[in-house]
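Have a look at the structure below, then the notes.
The values are calculated or read from the model by the stated rules, or taken from the named source; none is laboratory data. Since we're looking at a predicted model, the values are computed, not measured. Neighbour counts are summed over all protein chains in view; Cβ atoms, including those assigned to glycine, are modelled from backbone coordinates with ideal geometry. Please note that ligands, DNA and RNA were not included when accessible areas were found on the heavy atoms of the full protein model with its side chains. Shrake-Rupley method; radii C 1.70, N 1.55, O 1.52, S 1.80 Å.
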Amino acid sequence: MTAASISDNTIGIGLLDKVAEHTPTVTRAFVDAGFKQDFALHGAVLGIDVEVVKRSDVRPGFVPMKKRWLVE
């Protein structure tokens, strides 16, 4: 848990570091559009491919998205 004032990127970069250190077999991370390019570049340095899963605005209301919050 973190403070609301901490950005997704700051938390994500720290999380990627921990994942790469403790689980070197992880090669891909799926994130939402809140993450910036710096996060993807940091993942690339660690050998983790970061893919942004974009929300669909075609259907109104809540629509579950595949590959969101998924770790390979």
Work out the FRET efficiency for E51 and M1 from their Cβ-Cβ distance, taking R0 = 25 Å, and round it to the nearest 0.05.
0.45
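In nm, what is the difference between 0.36 nm times the number of residues separating I11 and T25 and their Cα-Cα distance? Present the calculation step by step, with values, prior to reporting the outcome.
On the way: separation 14, 0.36 × 14 = 5.04 nm, distance 2.07 nm.
So the chain would gain 3.0 nm between I11 and T25.
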Could you compute how much accessible surface D8 exposes when probed at 1.4 Å, giving the result in Å² to the nearest 10?
80
